[in-house]
């Protein structure tokens, strides 16, 4: 038994010396796990900004998409008294209490990625991200400039408010006729639904997700031989759609540039810590358009975790 | 007839097509130790389970203290004063002596709706009863698992007696014990009988049964080969009956005959 | 002892080894099931005290943070422990949490029921689910592991399907406004001892907000429930007849049945206990977040069982402690939050949970052998 105790004591001592914590300047509490392909890019932004700004940061997230867990993490962050907290705000009702506690404790909060509608009423200083409606407008304008007249907006998750806004913004920016095609989130079903519509004289298709809907729509166009005659654009990015853009098959991908969503809040806080400056309102990181012209370099940066 | 505490008249029990018991008759007086002998599969377990209320007999009747009785559940038998100590002893080795002693029949104290287990009283009684059999319970909360096999057997018997058993049915109480511990348990059984209990002792070990028993019933393949008072039977005869003695005798004769024929 | 002369055997017949001394009080203490968990909890606090001592983990706000997580887990861990002592498992606790949350939220938001009625509805469903689990296990004799595993899927599936059917989404928000003035909700949603924190704040002993009020406002409702349930369950196990029946049912259900313990009724009541505990957890969470979510509570049953095992409960039943499970929950809650104060990757928490459980089971096995060593 004695040997066991000694081993445990040794392990504990080793653990303690290697784990000793230092005070952190900025704590990021996100709903996106660091090993997720989308969020790892945002985390890279956080890490790079901390290095560039020469301050210390920590990126935390709950193990699953659990708002209760996330609120606990915000409370946890508050108790550490950082100089600032960056959060995502996917559910203002669930997270509101913790956010307000942070602000009332004198810790400034910046939100990123989600919550552009709610951040102000919680007292959050600024929001960094892409607002869905404006991004849709941008996409619509681009398709209009490309000559589109009759468009299909493929919504693969009807009832998701953010997605509804994307189509609504697109309609505004496009000007021409826009029909919303609601589908399930099954790729085969999406492909079939799009294919069925292709006889209706549509010259533009916008999908709201790249890997799922975008690639399914592309497959439908390819089977019908309509690539090029029907212009395809999508929100967000996927390796498949990036390749297609580089090959000229896709008009554009709307990149919300989550690298900036990670980078900018940190740099904003760094300036705030030094000089007390703070932007007012939403800092738009998107829409960033990935087109056949710049697709190749985006692919390169995506492979390194920056896009 | 009515000075018999328990009477089993022509009891039969079938499990589907299997005849576990056929026409078994057995009688027991107060203070009598009846040994139920028989080889494995003879039907001893079924017989005592029927007496304990686990099985209902398909034929025959059970008479307790002169009255015809039907047991619907083990609890009925228990209420009538028939306490059965099975081979597993119904003791939880992780629980203390006291908790085991009073399992299911815990003494209560306190106001209605807030009754609590009166552990102090239970500890006292358990220690006392254990002391009477010579077991010194140093720590009332010690687990039963720390006691030897013989101590546990005596605990189970003592529990049954404390809770008012009139008939004590013991299933192979000494089978797992060494000679010394077995003798202590047997002594306890004799003492219990001398205080008026009727005891049915199931065993396949005639050497343990013969010294303490007053009467012996031998079962063979579900049938009773008869009940014998001690003065009317010897240990050897019992042994041979249990091993199917008559058949072995016949076999011996046949073998002699075969031998004789083959050497001709 | 005057009865000595009447004994049929002398002391030396049984207690041959007179070298054995009287069992010391310390030894009795060391044999208690909750020892391991208490030791573990102390170790955890010392560890984090050294490693994260000045990070704010032990500020008032920080303590309430990990205490809240521990208390919530403790509520279901205590119920799981009692069931485990009674010889059974309930793997459907997590799904019940999600289901109960929806039982509160949908009637309140979609059918216009008052909140207190929805809460009572959720608890009634808990009793039904627990009774169903119990009756199945008792009547069929199937291992509770399987029965409640099936229930895990059934409940979670029903939660998802019904919620999507009625609401078209997987979350039901909007409950926060209903809490005020509700006659029952406050029991699950009110911070207590606010006066204490206000006083501590006024003495500048704890951190303050910019407006002068203390950052930590009060003891969360989960902590009060946790303490109350720990006291009640310990009292039941140690001091009541029913508690003895729980140990007996888990230790030897056939033997217990043979001496008159109503094993079936005991087990069914314990299953109702775990379902009700899950509902208490769900109610507190739903009112705290202001919303219900169909995926809440996923995998929580495993954490509850882990806490019970760390607390000294044998997986085979018949031995264990509710207080031990409470300490087990404190260990897990503290570590799950404490890890965020360090630079360690939070994925390591799962490794810690599993390792802790392994250590606890080995330790418990050792204790059990000591306790049941026969001479």
Subject >> Inter-label distance, nm, simple model (7 Å from Cα along the C-beta direction), residue A:11/residue B:87 >> reply: 4.3 nm
Original post:
For helix A:67-79, what angle does its Cα long axis make with the longest principal axis of chain A, in degrees from 0 to 90 and rounded to 10?
Top reply: 40 degrees
Original post:
Of the listed peptides A:140-148, C:319-327, B:254-262, what is their order by residue-averaged count of other C-beta atoms within 10 Å, with the highest listed first?
Top reply: C:319-327, A:140-148, B:254-262
Original post:
Sorted by packing (mean other beta-carbon atoms within 10 Å per residue), highest first, where do C:278-289, A:164-175 land?
Top reply: C:278-289, A:164-175
**OP:** Whole Å is fine, so just give me how far the alpha carbon centre of the stretch C:188-211 lies from that of the stretch A:257-307.
**Re:** 40 Å
Original post:
By how many nm would the segment from residue B:109 to residue B:39 lengthen if fully extended, with 0.36 nm per residue of separation less the alpha-carbon distance?
Top reply: 20.4 nm
**OP:** Using R₀ = 35 Å, calculate the FRET efficiency as 1/(1 + (r/R₀)^6) where r is the Cβ-Cβ separation of residue C:190 and residue C:302; round to 0.05.
**Re:** 0.70
Original post:
When you count, for each residue, the other Cβ atoms within 10 Å and take the mean per peptide, how do B:171-181, A:108-118 rank with the highest first?
Top reply: A:108-118, B:171-181
**OP:** Quote the relative contact order of chain C in percent (integer), defining contacts as alpha-carbon pairs under 8 Å separated by 6+ residues.
**Re:** 34 percent
Subject >> Per-residue Cβ neighbour rank within 10 angstrom, fewest leading, B:4, B:86, C:341 >> reply: B:4, B:86, C:341
**OP:** Enter the mean number of other protein chain beta carbons within 10 Å of the beta carbon of each residue in B:133-145, as an integer.
**Re:** 5
Original post:
Taking R0 as 45 Å, what's the FRET efficiency between residue C:348 and residue B:14 from their Cβ-Cβ distance, rounded to 0.05?
Top reply: 0.10
Subject >> For residues of A:31-37, the mean tally of beta carbons on other chains within 10 Å >> reply: 1
Original post:
Across peptide A:64-75, what mean number of C-beta atoms from other chains lies inside 10 Å of a residue's C-beta?
Top reply: 5
Original post:
How do C:115, C:353 rank when sorted from fewest to most other Cβ atoms within 10 Å of their own Cβ?
Top reply: C:353, C:115
Subject >> Rough spin-label spacing in nm, given labels placed 7 Å along Cα→Cβ, for residue C:358 and residue C:127 >> reply: 4.4 nm
**OP:** May I ask you to list the residues of the stretch C:327-371 whose amide nitrogen lies under 13 Å from a point 7 Å from Cα along the Cα→beta-carbon direction of residue A:56?
**Re:** C:341-344
Original post:
PRE reach from residue A:271 (point 7 Å along Cα→Cβ): which of the stretch A:117-160 fall under 19 Å by backbone N?
Top reply: A:124-130
Original post:
What whole number of Å gives the distance from the Cα centroid of the stretch A:208-233 to the Cα centroid of the stretch C:115-165?
Top reply: 45 Å
**OP:** Could you work out the relative contact order of the stretch C:241-287, using alpha carbon pairs under 8 angstrom and six or more residues apart, expressed as a whole percent?
**Re:** 29 percent
Original post:
Which FRET efficiency value, to the nearest 0.05, do you get for residue A:120 and residue B:180 by plugging their Cβ-Cβ distance into 1/(1 + (r/R0)^6) with R0 = 51 Å?
Top reply: 0.05
Subject >> Cα centroid separation - the stretch B:20-58 against the stretch C:284-359, whole Å >> reply: 53 Å
Original post:
Going by the alpha-carbon gyration tensor, a ≥ b ≥ c the square roots of its eigenvalues, is chain C rounded (a/c under 1.5) or, if a/c is not under 1.5, prolate (a/b greater than b/c) versus oblate?
Top reply: oblate
**OP:** Calculate how steeply helix A:258-275 sits against the longest principal axis of the alpha-carbon atoms of chain A, using the helix alpha-carbon long axis, and give the answer as 0 to 90 degrees to the nearest 10.
**Re:** 50 degrees
Original post:
Nearest 10 degrees, 0 to 90: what angle lies between the long axis of helix C:263-289 and the longest principal axis of chain C (Cα atoms)?
Top reply: 30 degrees
Original post:
Taking the simple approach of a point 7 Å from Cα along Cα-to-Cβ for both residue A:40 and residue C:43, what is their distance in nm?
Top reply: 3.4 nm
Original post:
Can you give the relative contact order of the stretch C:221-375 as a percent, counting alpha carbon pairs under 8 Å and 6+ residues apart?
Top reply: 20 percent
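Since every read-out is calculated from the coordinates, none of them should be taken as a lab result. Since the model is a prediction, treat every value here as computed from it, not as a measurement. Here Cβ is always computed from backbone atoms with ideal geometry, including for glycine, and neighbour counts include all displayed protein chains.
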